[in-house]
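K.L.:
One structure follows; several queries about it will come next.
The values are calculated or read from the model by the stated rules, or taken from the named source; none is laboratory data. Just so we're clear, the structure is a prediction, and the values are computed from it rather than from any experiment. As a convention, Cβ positions derive from the backbone with ideal geometry for all residues, glycine included, and neighbour counts pool all protein chains shown. When the accessible area is computed, the model is the full protein with side chains, heavy atoms only, and any ligands, DNA or RNA have been set aside. Shrake-Rupley method; radii C 1.70, N 1.55, O 1.52, S 1.80 Å.
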Amino acid sequence: MSSSSRKYQFCVISASLNEPTRAHGPPKALKVILSLNGSLFLETSASVNLLWNESTVIPQSTLRNATIRCDLCTRAWSLFPHKKTFFGRGEIKWNAVETEIDTAEGEAKLLVELSDENSRLVGSLHLSVTPYFRSVPFIIPRSFLSPKGKLSGQSSAPPAAPTGSQRLIAVLHELKTRVPQTLAVHILACVAWRIVTTVMSTPGLQSSLDNQTTRLLLALNACCDFGEFLKDPDSPQAEWAESRIAAILRQTIECMLFIKDRFDNVDSPEKKPDGSLYAIFLERAEALARSDPQDRDVIDALVTYKAGRGELVTYGDIPALRSIPIRGLHPIPSSLSSCLPETRSDILEDISTWLTTSAGRLYILDGAPGSGKTAIAQAIASFFQSQNRLAAQVFFARDSPLPSSPAYFIRHLAHQLTELYDKYATKVAARIRAYPRIHEAPLATQFNELLVVPLSELQLLCEGPLIVVIDGLDQCGTEASRKSLLSVLDEQIDLLPRTFRFFVTTRDTAPNATIRIMSNPHSVVAKKLQNADKDIAALFEHAFYDVRNSRRGQSLGLSWPGKKCSHDLVRQANSSFMWAWTVCQLLREVEHPDSWLKNVLSHEGLRGDASIDHLYLEVMKTFEGDQKEERVEEFQATFGILLCAEESMDFDLAQDMAKKLSDVSLLETLPRFQFALLHTRLPSFEIIRLHASFCDFFANADRCVDPNWFIDIPSHRYQQTVVILDYLPDEVQRVLSTPTHPAALGSSDGAFFKYASYYWIDYVTKCPPDQTLRTKVLYFVLHGFSDWFTVAENDSRTRLALLIEWLEQPCVPETTFSPCLVAALLKVIHAYSALEQALPGDLQLREIARQIARVRSECDGLFDPESLLAVERRYIFGQEDSESRNRTRVIGERVEHGIGPLVADEGDAEEYGIPVSEEEKRFKQCVACVVDARNELTTLTMEMDGPAGEEYRAWELAMSQASASKMRHKVNQKFLHDVERIGASALRISEEDMLRIVEEAMRIGSDNEDAF
């Protein structure tokens, strides 16, 4: 390679901060940005463990005599969510790096010191720079075209096909037949063989193969030379070869889908994939044929004919996309229990092939509770994710009631598709700007506006299959709330582009869950999860192997526990993977596995719920002994939190809740109750998932007959509600007054504050109204509610109606609150609810309007009138002209000097010749109602008689002390600063100037919001 065409690969390995700097933000939020002569060329994603290994390739001609700038930053919580906090910067001179590469024989490992604006050393960055070499052309050996090149065992393969496809099918068949089923590549080989066979068996395809298709098939033949691997697939060297084989199989699948799409649409040029892709696929196949198992750049890549992300999302699209509330949209935990390599291969092969090669739309799989549907759904999602063909995945769960509701389902799909296609994101943003409150519309309207219309505008005609995985449809809301979603799917699913295919799992105990979307038998296939005895036997054998190896001192023997015992366990499992999984988990933990198995098998006549109930009762007996009381306390504290959660909690969030309720440590508790988790290991820093059968048993007093282990959800929820209401009033002020607070920085350490501030209404309204809760709600409304209303997530305010309904219920036992006090409290909530409806539709305008309402209601006499009026006029209620702006400025000066009134109503505005829109009138009337309602409630509360009144006056006195008053002053100053900053922009910078500055900042890759 000539020096002029040489390229270099930059890889960000890790970053570190010195201890004094960590106060600014947790390390897990760090980002690295590399710039070349002022132009951005690599921005890493936010690192979880400070290990990125993200890279980019730069030509030498660009690098010559260049200076590379390295910035370390993190996202920060602020009025503008795109803002990043700068930590440190360092520079690299390319000439010195190139010299080091030559000296080090091909690789330079750089340690870049980072300094802040005061030239103080704050951290360091580790980079790797290596030469990048592109592959050279490859010629297919003639031996691949001769009979001598065939592998042994071809006679057992499917019927013959023309040369090229015949050998490809034969090789894949031998691979799936001879490779050990315990290897992960086995299921991939099964799917690849099935897809290739199905595609090449398409009527008429063999006779219409052109030269380009034949060349591609021969190139795939050249890749699939697995002879050395099949000689000894268990050797240590084979582990390296397995990843290369997996890459070849994935690419083979993609090429076959491409061939099929071109054949199926031969008479429809607009739907036919571009023929120029043949050359790209051919180059990829040739690179794989000569690749080394350790050549990760070749192995990890996958060439697909699915369209790329397309045009970039514009700066103006981001607020609209953020305005759609999303909760509980978690990726599949990597530790979530999935299918073992040697299990469920037949059903996985069948599902994958149908979704990729059929003309159908919907594949529905139903089965009994615990039969392994979620594990199959995860395996399908993982497979298509590796194929770059997973459009979306939604895993409904009973332990996430709100995110699993029908109202969130369509938003989840739309959100994930915006990550898939930038062009789709711009289309959705346009629909949201035209319909700002779309998330409050009926489900049919949401489906049409967020999915059908934007996707139809993309014209996705030659993409190949895009898969949507939906697990646990029967757990989506209640049976009543699910009907509207099923109706929408039945009526509109066929309006989506044909490239979208859906895989849905549901319980067979809920037949109505899918009946409405099975009306079209030509595009829907519904299958029941069949007998799984073979797969459950493999699951048990894994557990037996682990126990024999770990209990060698107990003389279990190589054949323990024997074929009869294995057969009896499989029969008693009755196709329930959950039952078998729980037995295997406990078998690894109990002290005497042999006697414990005999006890389990002593009730082999039990079936269904009775079988799993008996098993869980046997599990609880293992905790009998001197420490039972302690174990019961740990169990109740841990699972009381998880079963009451409004969405699936991650480990850190659950641990924070546990600390506020008891001294229990989840780090010690969860391993003791591993049988309850759908995880293969302790899910530290991951979402904790419980199986539905666990929830069904331990939350049901009729089934869990031992009161020690029965989880009384209403009782646990009440305790947690009290903790949340005690926590929020002070904490919301502490977050707003402390820039370095974890919640203010948007880190995971502040996750509990975000969870509590989002779900406190749900916790309150699911508890019976009593004196204690109403008193705590009253305190929160008087001290902290306005702050919460201003900064809380958008969707959390829409549930104020639930709080109103709860307050209107009779109190049990009867409260000492006077009816007037309850009415005043309701009046405040109604006023805030009306204010929410009076805000503008645009997300950013709503945030600014809430800031203004907060300043007007709590900072009277402190604000700058000129800035306040300018913000209202320009940003919230339409752009003012220069004459109106001058009038506003004069009014502000008159108010500041005490010689004029504040323009607060229509009469004041008309006096100064300033027009007032209906929206502005309504907004100011709602703010005035909030102020009046709050004043009335404060007066009535101070006049309360009895212990409640004395308690409140004492609490009010404590809140007026120096520390609380100082914190409140900081909060007010924070809001004033934000409003004044926006006001300064409104007075000094035109819209055209603002747009020009933003575009310039984006062009040069600036992350400093202050530059605006």
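K.L.:
Check whether at least one residue in the range 93-109 is in contact with a Cys (Cβ under 6 Å, 6 or more places away or on another chain) and at pLDDT 65 or above, and report yes or no.
P.N.:
no
K.L.:
Of the residues in the range 687-734, how many are buried (at least 20 other Cβ atoms within 10 Å of the Cβ) and outside any helix (DSSP H, G or I)?
P.N.:
Looking only at that region, the number is 6.
K.L.:
Still on this model: Suppose the filter is modelled with pLDDT of 70 or more, closer than 30 Å to Thr939 by Cβ and either basic (Lys, Arg) or open to solvent by 10 Å² or more (accessible area, probe 1.4 Å) (or both); does Glu872 pass it?
P.N.:
In short, no.
Rundown of residues vs (1) without any contact (Cβ under 8 Å) to a residue 24 or more places away in the chain; (2) among the polar types (S, T, N, Q), yes/no style:
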position	(1), (2)
Asn549	yes, yes
Ser566	no, yes
Leu569	no, no
Gln572	no, yes
Ser575	no, yes
Trp581	no, no
Leu606	no, no
Asp613	no, no
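K.L.:
Here's something else I'd like to know. Got a number for residues in the range 401-417 being assigned to a helix (DSSP H, G or I) and open to solvent by 20 Å² or more (accessible area, probe 1.4 Å)?
P.N.:
Qualifying residue count for the region: 3.
K.L.:
Which condition number does Leu496 fail, the rest of (1) in contact (Cβ under 8 Å) with a residue 40 or more places away in the chain; (2) open to solvent by 30 Å² or more (accessible area, probe 1.4 Å) being met?
P.N.:
(2)
K.L.:
Kindly provide the set of residues from the range 465-507 that are at pLDDT 85 or above and in a loop (DSSP other than H, G, I, E, B), ordered by number.
P.N.:
Pro465, Gly472, Cys476, Leu496, Pro497, Arg498, Thr499
K.L.:
Would you list the helices (runs of 4 or more DSSP H) that sit entirely within the range 547-662 and hold 3 or more residues that are among the basic types (Lys, Arg)?
P.N.:
563-573
K.L.:
Follow-up. Only residues that are among the hydrophobic types (A, V, I, L, M, F, W, C) and either open to solvent by 10 Å² or more (accessible area, probe 1.4 Å) or within 32 Å of the chain's Cα centre (by Cα) (or both): list them for the range 201-221, please.
P.N.:
Leu209, Leu218
K.L.:
For the range 691-712, name all the residues that are over 11 Å from Asp613 (Cα atoms) and under 27 Å from the mean Cα position of the chain (by Cα).
P.N.:
Hits for the range 691-712 are His691, Ala692, Cys695.
K.L.:
Could you check the range 248-274 and list, in sequence order, the residues that are open to solvent by 20 Å² or more (accessible area, probe 1.4 Å), outside any helix (DSSP H, G or I) and of a type outside the set (Val, Ile, Thr)?
P.N.:
Within the range 248-274, Asn265, Asp267, Ser268, Lys272, Asp274 qualify.
K.L.:
Here are some residues: Asp274, Asp267, Asp261. Which one is touching a Pro at 6+ places or on another chain (Cβ under 6 Å) and more than 23 Å from His186 (Cα to Cα)?
P.N.:
Values: Asp274 fails: touching a Pro at 6+ places or on another chain (Cβ under 6 Å); Asp267 fails: touching a Pro at 6+ places or on another chain (Cβ under 6 Å).
Just a single option satisfies the conditions, and that option is Asp261.
K.L.:
Looking only at residues that are open to solvent by less than 30 Å² (accessible area, probe 1.4 Å) and outside any helix (DSSP H, G or I) in the range 145-179, which one is modelled with the highest pLDDT?
P.N.:
So the residue we want is Val179.
K.L.:
In the range 431-443, what residues are in contact (Cβ under 8 Å) with a residue 12 or more places away in the chain and open to solvent by 10 Å² or more (accessible area, probe 1.4 Å)?
P.N.:
If the condition is that a residue be in contact (Cβ under 8 Å) with a residue 12 or more places away in the chain and open to solvent by 10 Å² or more (accessible area, probe 1.4 Å), then Arg431, Arg433, Tyr435, Pro436, Arg437, His439, Glu440, Pro442, Leu443 are the ones that fit.
K.L.:
Let me ask something else. Condition first: touching a residue at least 40 places away in the same chain (Cβ under 8 Å) and closer than 17 Å to Leu417 by Cβ. Now tell me which residues in the range 365-386 satisfy that.
P.N.:
Correct list: Ala381, Phe384.
K.L.:
Just one of (1) within 23 Å of Ala287 (Cα to Cα); (2) at pLDDT 80 or above; (3) out of contact with any helix residue (DSSP H, G or I) (no Cβ under 7 Å at 6 or more places or on another chain) trips up Ser115, so point out which.
P.N.:
Exception for Ser115: condition (1).
K.L.:
Something else about it: Of the numbered conditions (1) open to solvent by less than 30 Å² (accessible area, probe 1.4 Å); (2) modelled with pLDDT of 85 or more; (3) of a type in the set (S, T, N, Q), Gln809 satisfies every one except a single condition; which is it?
P.N.:
(1)
K.L.:
Could you check the range 182-203 and list, in sequence order, the residues that are outside any helix (DSSP H, G or I) and at pLDDT 75 or above? Lay out the reasoning, then the answer.
P.N.:
Step one: filter the range 182-203 for residues outside any helix (DSSP H, G or I), giving 182-184, 201-203.
Scanning the range 182-203 gives Leu183, Ala184, Ser201, Thr202, Pro203.
K.L.:
Can you name the condition, by its number, that Asp535 falls short on among (1) within 30 Å of Ile711 (Cα to Cα); (2) touching a Ser or Thr at 6+ places or on another chain (Cβ under 7 Å)?
P.N.:
(1)
K.L.:
Any chance you could count how many residues in the range 375-391 are part of a helix (DSSP H, G or I) and open to solvent by 40 Å² or more (accessible area, probe 1.4 Å)? It would help to see each step written out before you state the result.
P.N.:
So the first thing to find is which residues in the range 375-391 are part of a helix (DSSP H, G or I), and the list is 375-386.
Restricting the remaining residues to those that are open to solvent by 40 Å² or more (accessible area, probe 1.4 Å) gives 382, 385-386.
Final tally of qualifying residues: 3.
K.L.:
Could you check Gly625 against (1) farther than 23 Å from His691 by Cα; (2) touching a helix residue (DSSP H, G or I) at 6+ places or on another chain (Cβ under 8 Å); (3) modelled with pLDDT under 85 and say which number it fails?
P.N.:
(2)
K.L.:
Another question, if that's okay. Which of the residues spanning the range 615-631 are open to solvent by less than 20 Å² (accessible area, probe 1.4 Å) and either touching a Pro at 6+ places or on another chain (Cβ under 7 Å) or touching a residue at least 40 places away in the same chain (Cβ under 8 Å) (or both)?
P.N.:
Tyr616, Val619, Met620
K.L.:
Tell me whether the range 704-715 contains one or more residues that are at negative phi, in contact with a Ser or Thr (Cβ under 7 Å, 6 or more places away or on another chain) and among the polar types (S, T, N, Q).
P.N.:
no
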